[in-house]
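Okay, so here's the structure we're looking at.
The values are calculated or read from the model by the stated rules, or taken from the named source; none is laboratory data. The model shown is predicted, which means the values in this text are computed figures rather than measured ones. All Cβ positions, glycine included, derive from the backbone under ideal geometry; neighbour counts span all protein chains shown. For the accessible areas, the whole protein counts, side chains as well, though only heavy atoms, and no ligand, DNA or RNA atoms are used. Shrake-Rupley method; radii C 1.70, N 1.55, O 1.52, S 1.80 Å.
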Amino acid sequence: AADLALTSAAQTALAIRLAAAFDQAFEHDGHHAVARVLTPAARVFTLKSAIPVAAEARDLIGPAAMSRHHPAARAAADLPVLDQWDGSANEAALELVALVSRDRNVLATALQELAGDLGSQNADLIDRTLALGREAETDPGLARAFADQLAMVGAASAMRRNLPRVVADAFVSARLRGGYAAQYATLDIRFDAAAIVEFTVPED
């Protein structure tokens with residue numbers, strides 16, 4: 001549950017950060033750059049995260065979620081269609097790479113904006129993302145990896161700006177450092193699972 005809550009918090013923070021970037025896009029070059037590059041990256045990351053989230057939610061709920069009338073079952077059935085609604089994740093990732101290839105400054109400007117919230121201790125994540133973007137320009141096979149990395153860095157930056165540190169730091173550690181696990185329910189004892197769940201889904 002804590003792993004799902006962490007993903008939910010990240011996706012929500014990323015969406016809010018994007019909305020703020022669009023609101024201020026004509027006031028600051030950094031916000032404009034964030035809005036341009038994070039939009040396709042967030043599409044890839046969010047849609048490709050949604051299907052496994054729905055599957056894990058059904059697993060946690062149990063047999064009741066197998067009924068086609070259950071909200072979790074309906075969500076799991078609808079998500080693959082939404083994933084293709086405005087084009088595939090591969091198309092969005094390749095559009096992102098084409099964008100950063102056309103404008104050599106937009107990625108660096110966006111990452112500089114995100115770095116302000118990530119903090120100096122995470123400067124290596126910014127450098128890694130910039131390098132991966134440059135590699136993807138000549139290797140289309142890296143487009144999806146670049147989109148995922150950029151979206152997760154954007155989410156981490158937004159979380160460190162607006163969310164409790166225990167949640168933001170858990171996302172950075174679990175998703176961007178030490179190897180990302182493809183499956184859920186992999187958060188270990190280092191993370192305060194109860195605090196993550198309580199923040200994301202408060203009882204009150």
Check your understanding: Using unit Cβ charges (K, R positive; D, E negative) and no other charged atoms, how large, in debye to the nearest 20, is the dipole of the chain about its Cα centre?
Key -> 180 debye
Practice item. Between beta-carbons, use under 13 Å as the cut-off and find the net charge around Pro164, counting Lys and Arg +1, Asp and Glu -1. Key: 0
Check your understanding: For segment 58-103, what % of the accessible area comes from carbon and sulfur atoms, probe 1.4 Å?
Key -> 57 percent
Study note, to complete from the structure: Check: C-alpha center segment 4-67 vs C-alpha center segment 103-119, spacing in Å is 19 Å
Exercise for review: Provide the solvent-accessible area of Arg144, counting protein heavy atoms only and rolling a 1.4 Å probe, rounded to the nearest 10 Å².
Suggested key: 80 Å²
**Study point:** Matching label, Cα extents along the principal axes in Å computed from the structure shown, candidates [x] 58, 38, 30; [y] 58, 46, 32; [z] 51, 35, 32
**Key:** [z]
**Study point:** For the chain, accessible area per residue (1.4 Å probe, heavy atoms of protein chains only), Å²
**Key:** 51 Å²
Check your understanding: For the chain, what is the calculated [θ] at 222 nm in deg cm²/dmol (nearest 500), taking -39500 (n - 2.57) for each run of four or more DSSP H residues and dividing by its residue count?
Key -> -24000 deg cm²/dmol
